[in-house]
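The values are calculated or read from the model by the stated rules, or taken from the named source; none is laboratory data. What you see is a predicted model; the values in this text were computed from it and never measured. We place every Cβ from the backbone using ideal geometry, glycine too, and count neighbours over all the protein chains shown. Surface areas here come from the heavy atoms of the whole protein model, side chains and all, with no ligands, DNA or RNA. Shrake-Rupley method; radii C 1.70, N 1.55, O 1.52, S 1.80 Å.
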Amino acid sequence: MAIKDHTVHTEKSVPALDEKIIDSKPIDVESVEFKETESDEFRVLENERDIVTRVISVADDPTLNPWTIRAFVIGIGLSAFGGVLAEIYYFKPQTVVVSTMFLAVISYALGMAFSKVIPSRGIFRYLNPHPFNKKENAFIVIMSSAAATSALGTEVLAVQRLFYNITPNPGATVLLYPSKMLYPGILPLASMLDTFFKESSSGVKKKFRIFWIVFGVVVFVAVFYKNIWQARTLPFLSQELFYANGTVYNQLLILNDKLEVDPELLRKEGLPFYAGSWIVQLLTTNLGLAATFTHLLLWNRHDLRNAWTWMTPTELKRMWKNFDIRFWRDEGIRNQADFDEDIDPHYREMLKYPDSPNSWYLVCLVISIVMALVIIYKTNSTLPWWGFVIAVLLATLSILFFGTLYAITGLQFIIQPFVQMIGGFIHPGKPMANMYFVLFSYNSVNQALLLSRDLKIAQYTKLPPRAAFTAQIIGTLFGAVLNYSLCMANVSVLMNSIIDNQRPILLSVEGTNIWSGQQPQQYNSQAIAWGGLSHELFAVGQRYQFVAWAYVIGLFVPVPFWLAYRYFPKLRTDYLYTPVIW
């Protein structure tokens, strides 16, 4: 569903308010009613505001308490389950994501069981203080989903152990508050939670999906039979690097003792090859990534401009004036306009709760930066401190664009190739530095999208911001501990045990029906190709130059559709989301 910033808001989509009331005094958000007439019951949803007010309940009950021992116990238990399951399936041939819907159903069943089975009297009243409620359910989902996706850094550790034989030591106001940032992927979850606690276009989408599947098959077959990029001599579907004869490329033979590419060794071994199907994948992905920047600049300029209002001199002075080093004393008071038709009605209901102040997130950022700098030097990552700074700045910029795309369309782009390309040209000949560059840029973007998604879940379910913050922190830290290898008495946990026992299978191209190294293989091959051989493989005139040129071409793809809508609006090209099409 493509919803633009130029969508016209109808009078029916906002509550009817007396203008005199708006001008004279603040509005009590609890007194604002979204009236539903008999004719509205079957009214067509016309815009994003209709969706978030008709599909999901706007009503809030401030008496519901999420801070219960029951919520913490179930949340930590499901965090352990989700974290372990996510790590195991990283090495599986079928990548399975622990979905929030699954966690919501399981946590609901466990919460209701706690509520029914455990007595509510005596000492047990602390375990069962009141009936299980929606805010507890949302608290548990946010905590456990954070744990299930937290330790993305295990990719680097897995690649280091598998391919390098190294065992290392262990912008919210824009993306959340407007109605157009509706996060389509979590609407079913929020609607389902409403249902738990309550007293025609599909055919077109199916045909569109079938069209692109057929198109992809045709392109792959054409590349194979025309032997483009020597596709016929290499495995058809693989993410590995190969010699010209189709055998797996031995990357260690081109690296020196500093894990940097040695020109003499590279000349002896020759440049590696990618499978043709993987090159097609990179081309289409790069086109879509580049189109995202232009598309949002053309259609969502206002939203992007608002994202940087905090950098104006006036706002910076205000933040400095209100800054208190004693961040734990921040009351979280929000100076929000009483009524703004672009503000999500669900967010308006949240104004009654103290916010998680920016200072809390700033403290998390400072701690993370310090830890990251220690890691890149203690692990001999070959990534300099200034490379880390560039990675963080790149992540900040990418979050703005790809976060907006995810919030509006539900499409989460894998920007890893884009980040690896930039890291490769900044740090040529250093595949290890490239992996850490990706860790602190791409993975930071991914984590930010997940954090924004969880905050939107909290907004839809009216979970107080500080409860959502607590759930995210606990889930992230607990999941990281479970995912990483904790070495005590030379006993490895989870990731190390999988790698030690399944190494030959994880290194093979085909894997088995139980174990597969496809994800670490892809991460490693991209690090070698972009981090070590970017100039030799992707520069102008080289074998895969069109992979890089796709970024330039993609920047211009949205322009014709924007011009067509500007001069011929009846064509409705504003409904064509070019990043999604690619």
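Of note:
- Residue check, residue 112 in a helix (DSSP H, G or I), over 20 Å from the mean Cα position of the chain (by Cα) and of a type in the set (A, V, I, L, M): yes
- Selection within region 410-427 - open to solvent by less than 30 Å² (accessible area, probe 1.4 Å) and under 30 Å from residue 459 (Cα atoms): 415, 416
- Checking 542, 526 one by one, the residue that is within 21 Å of residue 228 (Cα to Cα), open to solvent by less than 10 Å² (accessible area, probe 1.4 Å), polar (S, T, N, Q) and out of contact with any Phe, Trp or Tyr (no Cβ under 7 Å at 6 or more places or on another chain) is 526 and no other.
- Any chance residue 217 is buried (at least 18 other Cβ atoms within 10 Å of the Cβ), in a helix (DSSP H, G or I) and at pLDDT below 85: no
- Residue 356 vs. criteria within 30 Å of residue 441 (Cβ to Cβ), assigned to a loop (DSSP other than H, G, I, E, B) and modelled with pLDDT of 75 or more: yes
- Of the helices (runs of 4 or more DSSP H) lying entirely inside region 399-489, those containing at least 2 residues that are in contact with an Asp or Glu (Cβ under 8 Å, 6 or more places away or on another chain) span 431-461, 465-483.
- The residues of region 367-407 that are of a type in the set (A, V, I, L, M), open to solvent by less than 30 Å² (accessible area, probe 1.4 Å) and more than 27 Å from residue 532 (Cβ to Cβ), listed by number, are 400, 405, 407.
- Taking region 491-582 as the region of interest, the helices (runs of 4 or more DSSP H) fully inside it that hold 1 or more residues being aliphatic (A, V, I, L, M) and out of contact with any Asp or Glu (no Cβ under 6 Å at 6 or more places or on another chain) are 495-507, 533-537, 545-556, 558-567, 578-581.
For every residue, the table says whether it meets (1) under 20 Å from residue 481 (Cβ atoms); (2) at pLDDT 90 or above; (3) outside any helix (DSSP H, G or I); (4) open to solvent by less than 40 Å² (accessible area, probe 1.4 Å).
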residue: 97; (1), (2), (3), (4): no, no, yes, no
residue: 101; (1), (2), (3), (4): no, no, no, no
residue: 119; (1), (2), (3), (4): no, no, yes, no
residue: 125; (1), (2), (3), (4): no, no, no, no
residue: 140; (1), (2), (3), (4): yes, yes, no, yes
residue: 165; (1), (2), (3), (4): no, no, yes, no
residue: 175; (1), (2), (3), (4): no, no, no, yes
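- Taking the criterion of being in contact with a helix residue (DSSP H, G or I) (Cβ under 7 Å, 6 or more places away or on another chain) and assigned to a loop (DSSP other than H, G, I, E, B), the residues of region 255-271 that qualify are 259, 262, 271.
- Members of region 220-254 found to be in a helix (DSSP H, G or I) and of a type in the set (Phe, Trp, Tyr), listed by number: 220, 224, 225, 229
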